[in-house]
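First the structure, in the form of structure tokens, and then the observations on it.
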2 protein chains.
Amino acid sequence: MTVNEAREALKALQAKLSAYSHATALIYFDGATTAPKGTAANRGQTLAVLSEEQYRLSTCPETVELLEFLDAHREELPATEQRIVFLALKNIRDMQKIPMAEFVAYQQLLVEADDVWHTAKETNDFALFEPLLTQIFETQRRFAGYCAPEKLPYNYCLDQYEDGLTMEICDRFFATLRERLVPLIHRIGNAKQVDDSCLFGSFDDAAQEAFSHRLMQIMGIDDAHCGLGTTEHPFTISLGSHHDVRITTNYDPENVASSMYSVIHEGGHALYDMHSADEFAYTLLDGGVSMGIHESQSRFYENLLGRSRAFVQYVFPVMQKCFPAQFKDVTAEEVYRAVNRVTPSLIRTEADEVTYCLHVMVRYELEKRIMAGELAVHDLPAEWNRLYKEYLGVDVPDDTRGVLQDSHWSGGNVGYFPSYALGSAYGAQLLRKMRETVDVESCLKNGDFAPINQWNRENIWQYGCLKKPNDLLRDVLGEDFDPTVFTDYLEEKYTALYHL
Amino acid sequence: MTVNEAREALKALQAKLSAYSHATALIYFDGATTAPKGTAANRGQTLAVLSEEQYRLSTCPETVELLEFLDAHREELPATEQRIVFLALKNIRDMQKIPMAEFVAYQQLLVEADDVWHTAKETNDFALFEPLLTQIFETQRRFAGYCAPEKLPYNYCLDQYEDGLTMEICDRFFATLRERLVPLIHRIGNAKQVDDSCLFGSFDDAAQEAFSHRLMQIMGIDDAHCGLGTTEHPFTISLGSHHDVRITTNYDPENVASSMYSVIHEGGHALYDMHSADEFAYTLLDGGVSMGIHESQSRFYENLLGRSRAFVQYVFPVMQKCFPAQFKDVTAEEVYRAVNRVTPSLIRTEADEVTYCLHVMVRYELEKRIMAGELAVHDLPAEWNRLYKEYLGVDVPDDTRGVLQDSHWSGGNVGYFPSYALGSAYGAQLLRKMRETVDVESCLKNGDFAPINQWNRENIWQYGCLKKPNDLLRDVLGEDFDPTVFTDYLEEKYTALYHL
């Protein structure tokens, strides 16, 4: 085999794997959006077959031989292919350690868990979900043991979503946030509360859907390559390549801000995914590099831009047009203040920018303890409720609005949550950098996202998975990650907003 | 290999193939319903990979060896598995004759053709679609040559959709219809026309969607296993097994009957697909046996039941509830007469029961001549228009409402159309048989589809693909197929309706 033949073979293999990933992602998307409710077992049957084949293709001796050959000749490869070989070998080394039958069984478990979680959440029945969640955490611990026996299991999970992340880093990061945010939240709690009643009323689905499409248009999302669906829990998914991305939202008939900021958040994910370099399509380099960087983009659009005064001023007339009766006697400034109301609450996805990190900290604490074997899944609801009381001062009335609220665990995404908080902090530092060359305020005031998107595309999006998350950040920032940029931003914004 | 081992291997292979068929069907369904419009090429890329693997799995030496081994031991197999082996070998013998590269290229061609057809239809631009349609017919001729060189190419196409169907049979069948229906249409043309204005007005999508769900419920379609989507051209598709079926419709904002009868038609297909014996799931026996039998079910529900006086009487109050303003001053009898208005028209899917067969005959004539090399695709629009004038007496104003109206050719379904007319005729004879034991009129008057569905399930649906279409019909009817039952039914119904 010549190096050029091997490169061609690698390309063909990557295209094949992208096709399987397209099929499985679409089956997941269909299940979450439009599939009839009795069809989960049918999807499980199909996913078992496809994921077995995906596993086989990724780890079979021919593939390993091919990658090792290319790895031995890496000096002769362009940087992109060096990275593909590195990532593929890293995946294989992990996957090889997981027995195929267990891998396939886990995929089926996740399909069933997703279905049961939906029912459990609807009916406030944690006991229904408990056995499946127990199995998911047990599998995660087992897989961590197979793949990285030298690491603590939860460190393995964290590293899956953010290359190099450890409990030590998280503990330090969250300590900084806690030190700066808890006093801020305390001061806000003593200030005069913002009135957000203008966001509440009756908002029908059709009008909210039209508004969602307008928001996507304003953000510069190409609707020829990005669709919008509705699901219980909003998410973003790529189908096969960055040429077909879907975002979803959930319409709250009484609260216009809920779907509005879901769309902007998922829209941020979509923009990142959609703008990998075209040559990366159908390869491992396509799409975002880590969950932390992904969340830095989604929360960048959602909060740093979407909840800024300049953007709200621009978007307010659009809201008035979509919901004329509801916003007849309201001002842009009232909406700006309302969408930035800080208040300890129950639901993470609807939390404000400031208390959001405390929601994440609850989940981090719980995952850490379950993965360490210090907490049983059975005791999770009680611990959840205790920590919500301790961190946020709120009483959790039921598991639907408590431990069952997020889809992450039913999807097997243990170790994901910290990246939300990290992403928020990355975003603040990225915005400071962007401001050196882009007049962000004037862009937002004019609803002109092109220069902002252009900057993100040049500095972040185009690289897909080519650079490691830390390298990507350092290259664009020209300095180390510094969470105090984020805490400074929050202090400044909310000191003004609450006249502290 | 023991026979039992081989049977297990066959089961596993069937399950695998069902998974691929689930994935490809879902990608098609997604493309037709919710995918963003710039994503066809991305789907083509994935379908190429999956169909290549499907092809490989179906025809590889191991599979052939397995099937031939089982075929040699067929006496030891239950009847169901004998039939599976027979059907699988038949497919293989065909597929083996098609070079894999051509098969894969054809799948990609169909994805592109579907996309281009949509645009061509929207913009009334046949020239845009012509090169792709030319390639599709050429491929069909080439594949017919590979698979059945002893047959005329179009006979090969007909046989694909209805086992044993030939031009000779079609010519005879259509001659009977022509002989009986042309005079009937002529007499109707001279009678006082029915007023169908009550069906026209303004019907919003949301109300039509709610009405569609009510219709599905009335028909006894289990919504836990059957979904409803919207597409340009309505269709029914099974995803992986009969446990997940989707139907689609198209809402005409000005004509309530258009989607109403699409839903009932596709609902008939869905009922058939959904009620294969459970043991047939994930095997070749799952779902309907032929297009003719399939259409006998869909057109049975649509016309024989759905356009009967008894059903319209039952459903009329439901229509009034869904569209109160539109049906305020209308009677059930007026709706009954309106949905049975006979008039030569442009669009097949909206044609009445009587002229419908003439629409099919136009397509049959054209396909026959193209496949015989007697007509070029380039000349298709002119010939289409000429035949519509000759058969139906109508002038085709543009290709959108002419040759571009159906999705069949862009989907490669050459030879499908005759089964619509055959199915209609089968249905009439099935209804006569059903009446011997079921009080169909009283069921319809009470909106109680259970006894009707039960009869169809026992006599037709449960068998899936176990029996050959002809055997299935003969077993249930106890006599040969006789198209005059259908023409008698039409004559009787429309003589009364038009006071002839």
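List of remarks:
- Once C-alpha pairs closer than 8 Å and six or more residues apart are averaged by separation and normalised to the residue number of segment A:12-114, the relative contact order reads 38 percent.
- The apolar share of the surface of segment B:174-304, taken as the fraction of accessible area on carbon and sulfur atoms (1.4 Å probe, ligands and nucleic acids excluded), comes to 49 percent.
- Each other copy places its own label point for A:A101 at 4.2 nm from this one, sorted shortest first, where the point lies 7 Å along the Cα-to-beta carbon line.
- Quotient of C-alpha Rg and 2.2 N^0.38 Å, computed over segment A:147-275: 1.40
- Spin-label pair A:Q320-A:D448: with each label point 7 Å from Cα along the Cα-Cβ axis, the two points sit 2.2 nm from one another.
- Modelled FRET efficiency - R0 35 Å, B:A175 with B:Q108, Cβ distances, 0.05 increments: 0.30
- Residues of segment A:19-55 with amide N under 20 Å of the 7 Å Cα→Cβ point at A:R142: A:44-45, A:47-55
- Förster-model FRET efficiency, 60 Å R0, B:D204 and A:L89, C-beta, rounded to 0.05: 0.60
- Inter-centroid distance (Cα atoms) of segment A:218-233 relative to segment A:112-131, Å: 28
- Size of segment B:1-149: Rg and Dmax of its alpha carbons, in Å, are 18.4, 60.
- Taking every protein chain into account, the accessible area of segment A:34-79 amounts to 46 square angstrom per residue (probe 1.4 Å).
- Square roots of five times the Cα gyration tensor eigenvalues for the protein assembly as shown, Å: 53, 35, 27
- Calculated P(r) tail over 11 Å for segment A:453-500, as whole % of Cα pairs: 73
- Of all aspartates and glutamates in the structure, not one has an alpha carbon short of 14 Å from that of B:K328, not counting any fewer than 8 places away in one chain.
- Label-point separation, B:A25 to A:A101 (7 Å along Cα→Cβ), nm: 3.0
- Tensor-based shape of segment B:316-473 (alpha-carbon gyration tensor, a/c under 1.5 rounded, otherwise prolate or oblate): oblate
- Summed over both chains, the contact between A and B buries some 2800 Å² of accessible surface at a probe radius of 1.4 Å.
- Listed residue pairs exceeding 27 Å between alpha carbons, taken from A:K368/A:K389; A:K368/A:K468; A:K16/A:K151: A:K16/A:K151
- Residues of type lysines that A:K192 reaches as a straight line, Cα spacing below 17 Å, ignoring anything fewer than 8 places off in the same chain: A:K493
- Among the GluC sites (Glu not before Pro) in segment A:362-469, those placed in a DSSP loop whose Cβ has at most 13 other Cβ atoms within 10 Å are A:E374, A:E436.
- Taking 0.890 mPa s as the viscosity and 25 °C as the temperature, the Stokes-Einstein diffusion coefficient of segment B:117-196 based on its alpha-carbon Kirkwood radius rounds to 151 µm²/s.
- Pair A:A376, A:C60: separation of 7 Å Cα→Cβ label points (nm): 4.5
- Using the Stokes-Einstein relation with a Kirkwood hydrodynamic radius computed over Cα pairs, the translational diffusion coefficient of segment B:286-374 at 37 °C and a viscosity of 0.692 mPa s comes to 211 µm²/s.
- Two-decimal ratio, segment B:101-154, of alpha-carbon radius of gyration to 2.2 N^0.38 Å: 1.29
- Note: relative contact order over chain B, using C-alpha pairs below 8 Å and six or more positions apart, is 20 percent.
- If you take the Cα centroid of segment A:441-478 and the Cα centroid of segment A:341-402, the two points sit 32 Å apart.
- Segment B:385-500, accessible area per residue, ligands and nucleic acids excluded (1.4 Å, Å²): 40
- Counting from the shortest, the label point at A:E458, 7 Å from Cα toward Cβ, is 7.6 nm from the same position in each remaining copy.
- Carbon + sulfur, % of accessible area of segment B:341-475 - ligands and nucleic acids excluded, 1.4 Å: 43
- Looking at segment B:181-277, the DSSP beta bridges with both ends there are about 50 percent antiparallel.
- Measuring between their Cα centroids, segment A:61-85 and segment A:153-174 lie 28 Å from each other.
- Since only B:A450, B:N124, B:V49 are under comparison, the one whose Cα sits farthest along the positive direction of the charge dipole of chain B, derived from C-beta charges on Lys, Arg, Asp and Glu, is B:A450.
- Interface residues of segment A:208-239, defined as a loss of at least 50 Å² in heavy-atom accessible area between the chain alone and the complex of all protein chains with a 1.4 Å probe, are A:A224.
- Inter-copy separations for A:D471, label at 7 Å along Cα-Cβ, nm, ascending: 6.5
- The C-alpha radius of gyration of chain B, expressed as a fraction of 2.2 N^0.38 Å, stands at 0.97.
- Within the same chain, lysines fewer than 8 places from B:K467 are excluded, and of the rest, those with a Cα less than 23 Å from its Cα are B:K11, B:K90, B:K433.
- Distance from the axis that maps chain B onto chain A is least for the Cβ of the chain B residue given, with the whole Å value, as B:A23, 2.
- The calculated FRET efficiency for A:R74 paired with B:R74, based on their beta-carbon distance and R0 = 56 Å, is about 0.55.
- Partner shielding of B:13-25 amounts to 4, given as the average count of beta-carbon atoms from other chains within 10 Å of each residue beta-carbon.
The values are calculated or read from the model by the stated rules, or taken from the named source; none is laboratory data. What you see is a predicted model, and the numbers here were worked out from it, not measured in a lab. Here Cβ is always computed from backbone atoms with ideal geometry, including for glycine, and neighbour counts include all displayed protein chains. Calculation scope for accessible area: heavy atoms of the full protein, side chains included, ligands and nucleic acids excluded. Shrake-Rupley method; radii C 1.70, N 1.55, O 1.52, S 1.80 Å.
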